[in-house]
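Below is one structure; the comments refer to it alone.
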Amino acid sequence: MLVVKKAGDVRKCDETEVLIKTKPTTRLLAEILNNTKVETILLTRGMHGLIPFNAVVALRKVGVRVKIVEGKRGRPAKYGEGEIRRLHSLYAKGVGIKEIAMKTKTPLRTVYHHLRKANKSRRAKD
């Protein structure tokens, strides 16, 4: 799969799937059609709304499908699952929140946030 992050990223290749991560202009779509053997163009929901309607019609006529893919939205998480699990395990062992923050070198507010977030999800499951 070819990933296009900006105009000019399209190179000659035999890729059949192209993921577009920038605004899909008609110029960019023409560049993709000319330089690849594309059969499917993948767009996030937000980018799909930006593609010109006449471009979608033209792509269908030449046999190219436009599919919407769900991408992760928002700011990337700073702390991974392992670090968050460590916060929870320390808390379950009875370690105080301030001590957890010092041991893990995590801001106190962040420790509170992740513990509260886990508590809310537990309540929602019940």
| Which one of I100, I84 is surrounded by 14 or more Cβ atoms within 10 Å (Cβ to Cβ) and either within 22 Å of the chain's Cα centre (by Cα) or polar (S, T, N, Q) (or both)? | I84
| said: I'm told T106 meets every condition in (1) hydroxyl-bearing (S, T, Y); (2) in the same structural domain as K23 (by TED's automatic domain parsing); (3) farther than 30 Å from M1 by Cβ except one. Can you identify the failing condition by its number? | reply: (2)
| Within the stretch 103-117, how many residues turn out to be exposed (fewer than 15 other Cβ atoms within 10 Å of the Cβ) and among the hydrophobic types (A, V, I, L, M, F, W, C)? | 1
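Regarding L19, is this residue crowded, with 16+ Cβ neighbours inside 10 Å, modelled with pLDDT of 85 or more and in contact with a strand residue (DSSP E or B) (Cβ under 7 Å, 6 or more places away or on another chain)?
Details: crowded, with 16+ Cβ neighbours inside 10 Å: yes; modelled with pLDDT of 85 or more: yes; in contact with a strand residue (DSSP E or B) (Cβ under 7 Å, 6 or more places away or on another chain): yes.
Criteria met by L19.
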| query | If you check V56, V38, which single one turns out to be touching a Leu at 6+ places or on another chain (Cβ under 9 Å) and either surrounded by fewer than 10 Cβ atoms within 10 Å (Cβ to Cβ) or within 23 Å of G8 (Cα to Cα) (or both)? | reply | V38
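The values are calculated or read from the model by the stated rules, or taken from the named source; none is laboratory data. Worth saying up front: this structure is predicted, and the values here are computed from it rather than measured. All Cβ positions, glycine included, derive from the backbone under ideal geometry; neighbour counts span all protein chains shown.
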